[in-house]
Amino acid sequence: MARFVVEEDGRPTRSYRFVTDAIVIGRLDTADLVLPDTGVSRKHALVERSLGGWLLTDNGSANGITVNGVATETVELAHGDVVGIGKFILTFHTDDETEHPEYTDPHANVGDDFTSPGVPLTDLDTLRSVPPLTPEAPPASPAAASVAPSAPAPAAVVPQLVDADGTPYEIGRGAGFGKDIPVAGVLPFVSSGSIAAEEGGAVAKRGSFLIPMYVNGESIIRQRLRDGDELRVGSSRFTYRGS
């Protein structure tokens with residue numbers, strides 16, 4: 001797991017170890033990592049687990065953030081990066097510099113009370129293991145081989161989401177909720193997630209910990225969809241149609 005070593009006026013004051021997949025940094029007492037200074041906004045920045053590691057994002061703060069002395073809005077953190085927020089210096093560390101976080105179990109009990117900044121996850125097992133390879137059968141001898149008439153290839157199924165009104169939305173290589181697929185009950189400046197077709201199906205991913213996403217009534221972070229699955233984002237409901 002990762003951590004920040006926090007310094008104030010050049011002196012280390014504490015070490016904050018990440019115990020959730022979404023962390024709020026700010027001046028509020030309810031923030032996960034509290035930085036008590038007027039130069040720090042109430043909810044100054046977010047740190048979220050991503051496929052590549054940990055993503056730091058400025059949350060529309062008044063004074064911004066710097067990483068290694070350069071002002072930035074969002075950046076994938078690397079071991080040893082130095083983050084500046086107000087008068088505080090936060091040095092990013094991982095227990096293993098080659099750490100690559102695994103997927104989060106989509107059936108973990110994430111919880112929906114987002115007035116609490118953290119998003120606790122109860123299970124960090126990988127989504128799935130790689131199935132073992134099946135040995136290939138030996139080729140049939142020419143004498144024993146029989147020629148059967150070839151069946152016509154089935155028509156390709158185009159993965160799509162169908163909303164409650166019956167309107168279909170083709171997924172293609174990727175579609176964003178709120179951008180390509182309309183959703184209700186979501187603020188326009190908050191990422192609502194995305195869905196992308198993959199071989200044999202599609203994968204839905206939640207965009208921000210502020211906007212929950214549900215598949216068949218269960219809160220998810222990342223989920224592979226099956227034909228007939230029901231997806232809810234904000235107050236909009238969809239049915240997945242695909243292979």
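The values are calculated or read from the model by the stated rules, or taken from the named source; none is laboratory data. Source: prediction; values computed, not measured. Virtual Cβ from ideal backbone geometry, glycine too; neighbours counted across all protein chains shown. We work out accessible area using only protein heavy atoms, side chains counted, and drop any ligands, DNA or RNA first. Shrake-Rupley method; radii C 1.70, N 1.55, O 1.52, S 1.80 Å.
Reported count of residues in region 194-208, each being within 16 Å of Ser236 (Cβ to Cβ) and among the β-branched types (Val, Ile, Thr), is 1. Filtering region 17-54 down to residues that are open to solvent by 40 Å² or more (accessible area, probe 1.4 Å) and out of contact with any Gly (no Cβ under 9 Å at 6 or more places or on another chain), which residue is modelled with the lowest pLDDT? Among them, the one singled out is Gly52. If you go through region 1-16 and keep only what is out of contact with any His (no Cβ under 8 Å at 6 or more places or on another chain), surrounded by 15 or more Cβ atoms within 10 Å (Cβ to Cβ) and among the basic types (Lys, Arg), you end up with nothing. Looking only at residues of region 187-240 that are crowded, with 19+ Cβ neighbours inside 10 Å and of a type in the set (D, E, K, R), we find that the one that is modelled with the highest pLDDT is Asp229.
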